[in-house]
Amino acid sequence: MEYLLKNGIVFDPKNNIDGEQMDIFIKDGKIVENVSSDAKVLDVSGKLVMPGGVDLHSHIAGPKLSIGRLYRPEDIRRGIKPASQEDISGFEAGFSLPTCPTIGYRYTKMGYTTVTEAAVPPLEAKHAHEEINSIPNLDIPTLTLFGNNWFMLKYVKENRLDDLTYFISKWLKLAKGYGIKIVNPCGSEAWGWGKNVDGLDDPEPHWNVTGREVITALTKVNERLGLPHSVHVHTNDLGHPGNYTTTLETFDCIKDIKKNKNVERNQTMHCTHVQFHSYKGTSWRDVSSGATELIDYINKHNHLTCDIGQITFDETTTMTADAPMEYDLFRLTGLKWANKDIEVETSSGLIPSIYSKHAPVSVLQWAVGLEFFMGVTDPWKIALTTDSPNGGPFIRYPKIISWLMSQEKLQDMLNNEVHNWAVNRTNLGTYDREYTWNEIATITRASPAKILGLNDRGHLGMGAKADVSVYDIDVENFDPTLKNNSAILENKLLNSKYTIKDGEILVKDAKIVKLVKSNHIWCKVNGLEKEEEILTNRIKPEFNKYYTIKYENYGVNEHYIKPETCVDIEYGGVICENN
Amino acid sequence: MVVLFVKTINLKMIKSSSIALEFDNVLPELLYDKSLEDVKNTIIFHGNKKEAVSDYFDVNITGKSDIPDDCEIIIDGDLSRVKRIGYCMSSGKIVANGDVDFHVGACMSGGTIIVNGNAESYAGREMTGGVLRIKGNVKEFCGSSYAGDWRGMSGGKIIVEGNAGKQLAEYMVGGEIIVKGNCDILAGVHMAGGLISIDGTINQWVGGQMKKGTIIVNGKLEEMLPTFTLQEIVHNPLICGKYYIGKYELYSGDNGVKGVGSLWLKK
Amino acid sequence: METPITDYDEEIKNCSCSYCGNNCDDITYLLKNKQIVGVRHACRIGASKIINDQDQRLLNPMIRNEEGILEETSWDEALDLTAKLLYNSTRPVLYGWGETSVEAIKKGIKVAELTGSVIDNQSTICHGSTIQAFQNVGHPVMTLGEVKNRADVIIYVGTNPMDDHPRHLSRYTTFPEGFFRKNGREDRTIITLDPKFTNTAKVSDKWIQFNMNEDYLLFNALRILLKGQKIESDEIAGVPITELEELINIMKNAEYGALFFGLGVSQTLAKQKNVDVLIQLIEDLNRYSKWSMLPMRGFFNVSGFNIALTSETGYPYGVDFARGYPRFMVGETTTIDLLNRREPDFFMAISADPGVQFPGYSIQHLTQIPTIQIDTHWGPYTELSDIVLPSTRVGVETEGTAYRMDSIPLFMKKVIDKPENCHSDEWILNELYQRLEMLKSKEEK
């Protein structure tokens, strides 16, 4: 099928197209230079056209979601919407914990085509992939949790970087994972004994390994393997006043590790939901924003990128592999606490969270997130996320965009809606930046795609995947800086005019017109098969002793990953310095 | 006080079914300005089928009303398989002459419901306002919350003239429940506000895991939880603006959850 | 003494047992001429289930004739009739699912949505109340390997795994060597709380007997003692306070504690509130030590049903599609309650035997309405069924996914061929779905 998207106003930051009126040609699922006269013409004159949205950090599939849904039926009920008669999608259910089909419906209607599941323990990876099979219409890479894995800890402790390299390469294949996720390194393992680690250099009691050692070792391995994405780090001390120093140290601890020369991304580390890691003070009473120092670091260095984890003032659900932090939250709020410890690999925790405009701490967190949006000068260094559903559900992205594009709206909130900690304890009030459409397209498309290393998307250049979203916004005549337009803007971005994925129209005029199976994106390193086999044979006896399932039943087989996009990486030998 | 209802919609059951009917469209606020024909055609749910009110009821209308508050719906017949009477109701009045099924008055925010009979479980669940009066007994979870929610009934008043089933007022956060008869186990469990007053005998474990709120037992308590502590003995106490005659023991708890709830026991 | 089986020509290793919630995945099947002749590593229940698999098998679709006798028929006829009955029903219930694959369950959910049915599983009679408690106060759980590697104190309450989940202690919790428990059993303290002296109590270091139906009181008392407060009476639920103090001290001082509980907790008087306060006890214990808990789930995929149903509909069991979208309300949309209210006018059981599992009063209603069985073996429910659709064994004749009691997913292999005229649950439900869709599109035209 060929399409001609006619006369849209195109924002494609990667190709330096900044609001030009132009045609987009689509053939065989790709962006092409021209199409035949048979092409179907879609007149989108004057409408906002961007590449399909890319979310580089969201929680959409796997055990945490299942626990969340199972224990929060009240959240499910809140999102119930009967199937529409005019639409081919089914019913929706769940607000912060949508059901699998609902996740697909809501993301596609927002114009998103790629969404990363950010934390999958290999032992339950089948579960995540099985859920992906129930989510329609997206491309989904999964990040595999390694930051508290016992084999990893052992290799780091014994300084066996080669073995760690083969281990990661093999385990990504077993979990059908796309990249390396590190969550509260050593802290989640310490939670196995009800403890946590305090900062980057506090060793885990049994393994005597520190977060710093884990992050640097895995970063080196990541660059050795030349994985398309960098390590994806949730730093230690999440959500603790005073944690910004840990974050700063984490930023700095890998700056000398050289990037693999074959990758297109700029960063060697991606720090996720940085908002939750940017607090000064010693307690929630004297807490204040530590964003300024972190923003300054980000602006001065090129080896790291981050996403925000913006708070959106909702009753949502927090979920993370940082289980000790969730127990702290439970102690703080007393709301129902869920925890799941996963043998040999990680722990995880959940708790409902109510972010209120009247609660000083919620407002501080909200403002810290916005400080990053305002303060980081290069939009290619950040990506828009809410760490969905932790800061708020992903359906709030359009609302965040409406805040970023209108100082009038933001000032109105600061003056009339939110608690005064936003002004008194952060520097949010000192910024007067307003995002342009080009910058919005960067932080929701171009930048996250580049950070992920998915170079075939996030832009509309020749040969790119034909993932395109069109919104019913007349770019010339619509002023997003007006407060009165905020609600309209949000609504238009929630309900795309067209969402096109792989050259197929999935959404038309805010209605889902086609459902396709989601694609499992994973990374396969070629060239280490022999080393992997030797390693596997060596660790199998240990594996079968300490896990409670057999190694032979551990991996995710073909049954679970149809259709798949396997990203092949040719291993190039040790091409980074080993320092 | 005499309230004159200007419009009366009378529904008389002509056919019963073992499969429950769902009545959430039959509300004063939805029908106060409707014609006889419209009321007859109002959709009710019967299992997985949609049917009309007139398939099961004779409909009579007298008078006219301009606002929902002036509308009264009277339902006669065996309503023990009619669910969701007055569900999410905000104004007007419903009188059910017979036993009613699940969720009567659930989520209601205003108006009055009178049940001249017994009610199934979940009566007045998550109610925020209005008055629900049940002349007979209620089953479980009266005035409770929806599964998983820690915010149950938050306002309004439920009067049960008969007995109440298990877990009365579970997770109640506000409002008032009066039970004139007896009460099954775990009344006021997880309660965090509001007031329950029970005239009859109450089974075990009243107030388990309660954080706040007031429970008054004017009858007899079978077994007290060890997690409550006796504070004082008061004669003719004044509780939430009302005097209770007799000698009452005041306990506080549930200590297991650091609760500061008040449990008054008549001696 | 049984002699070891030597007469086999093929060994298939690392198969998953399709019996209880242990889902042991280290089973070896011994085959001769493509038939299973022996089983290694399985417990006696699992092994006998496999070895006797061919006994009492349902082999052909059947429809009950006018004389009331089940008569063999063709698949088309049986499926057409099932579809017609289901399509025309007003309050259909699709029950079971504990012993089939997640793949089949997902098809079943589609059937339920299309037909406005109630879909429910064994949770409704077992750990449904546990799930209610999780929904109310929290869900602190772990995978079994955490227990194997770390636990020095293990408590079983109201459950008897030695008889019901035979390899639970030997494979997962008590006896095996763990990473931090090199001496296995010697490094651990096992305590059983049960009104009865069970076989699990026999192998425990300590058995605490308490009064039936007083669980709620008992766990509340433990919470108070944990907080260092005094209790005025000498005993609670029949247990002397001194013994409870000793117990809570052991719990408080554990390095890693694990608590397993069964229907003895979740189905006695206060039901979900027993579990509810037990969860809060575990939460409190985490201030001093590390504790997790896990319900002892019965069938090999009851947990998988809860997970699949939450993925698709948001709710874990008892989902009512009557209005086209999911609703969940214990007592209203759960199978036993519906049957006792005499609501259902169609009942289909998939890989479950209500004839065994349900109380008599509920079963009475099944004799009054169309009943369909999709299952592998002849059982009491077959005698009640109007239509019988013979299916295949997951993990033996059909591949598929199941979730262990701790929610670890396992891919279950196909080992031998199915009986010729049987089909997998997934196939049957898919055929049914297509027929139902056809009926629907006909009606819409």
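Here, each number is a calculation from the coordinates, and none is a lab measurement. Owing to the predicted nature of the structure, the values given are computational and were not obtained by experimental measurement. Methodologically, a virtual Cβ is constructed for each residue, glycine included, from the backbone with ideal geometry; neighbour enumeration extends over all protein chains shown.
Quick notes on this one:
- The long axis of helix C:425-444 is offset from the longest Cα principal axis of chain C by roughly 60 degrees.
- By the beta-carbon count within 10 Å of each Cβ, the least crowded to most crowded order of A:I132, A:I298, fewest first, is A:I298, A:I132.
- Over every Cα atom in segment C:128-295, the radius of gyration and the widest Cα-Cα span, Dmax, amount to 14.7, 42 Å.
- If you wrap the Cα atoms of segment C:10-51 in a convex hull and average its projected area over all directions, you get 2.5 nm².
- When you filter the trypsin sites (Lys or Arg not before Pro) in segment C:283-376 for DSSP loop state and at most 13 other Cβ atoms inside 10 Å of their Cβ, you are left with C:R287.
- When the helices of chain A are scored as -39500 (n - 2.57) per DSSP H run of n ≥ 4 and the total is divided over every residue, the value at 222 nm lands at -9000 deg cm²/dmol.
- Of the DSSP H helices in chain A, those whose Cα atoms cover at least 18 Å axially and whose Kyte score averages 0.0 or more: A:161-175, A:360-375
- Beta-bridge orientation, segment C:128-295: approximately 15 percent antiparallel, per DSSP, counting only bridges with both partners inside.
- Alpha carbon centroid spacing (whole Å) that separates segment B:206-258 from segment A:98-168: 52
- Cα-derived Rg over Rh, computed across segment C:245-327 with Rh taken as Kirkwood radius: 1.10
- Counting only DSSP beta bridges whose two residues both lie in the protein assembly as shown, roughly 45 percent are antiparallel.
- Longest DSSP-loop-exposure-free segment, GluC sites (Glu not before Pro), chain A, at most 12 other Cβ within 10 Å: A:265-475
- When only Cα pairs below 8 angstrom with a gap of at least 6 residues are kept, chain B shows a relative contact order of 10 percent.
- Remark on segment B:121-266: Rg and Dmax equal 13.4, 39 Å (Cα only).
- By the beta-carbon count within 10 Å of each Cβ, the least crowded to most crowded order of B:F141, B:F102, C:F197, A:F543, fewest first, is C:F197, A:F543, B:F102, B:F141.
- As an equivalent ellipsoid, segment C:94-214 spans semi-axes of 34, 19, 13 angstrom, where each value is the square root of five times an eigenvalue of the C-alpha gyration tensor, largest first.
- Rounded to 10°, Cα long-axis angle of helix C:75-87 versus longest principal axis of chain C: 70
- Measuring nothing but how far apart in sequence close Cα pairs (under 8 Å, 6+ apart) lie, relative to its length, chain C scores a relative contact order of 24 percent.
- Exposure proxy order (Cβ contacts within 10 Å, fewest to most) of C:I374, C:I105: C:I374, C:I105
- Fraction of the pair-distance distribution of segment C:132-171 above 11 Å, Cα-Cα pairs, percent: 74
- Segment C:10-51: relative contact order as a whole-number percent, Cα under 8 Å and 6+ apart: 33
- Using the Cβ-Cβ distance between C:K445 and A:D38 with R0 = 30 Å, the FRET efficiency computed as 1/(1 + (r/R0)^6) comes to roughly 0.40.
- Just so you know, the averaged projected area of the alpha carbon convex hull for chain A sits at 24.1 nm².
- Over the protein assembly as shown, the hull volume per residue, using the convex hull of the C-alpha atoms, is 188 Å³.
- C:R287 versus C:N211: modelled label distance in nm, points set 7 Å from Cα along the beta carbon direction: 2.8
- Share antiparallel - DSSP beta bridges, segment A:211-312, percent rounded to 5: 25
- Chain C, helix-only ellipticity at 222 nm - DSSP H runs n ≥ 4, -39,500 (n - 2.57), divided by all residues, nearest 500: -10000 deg cm²/dmol
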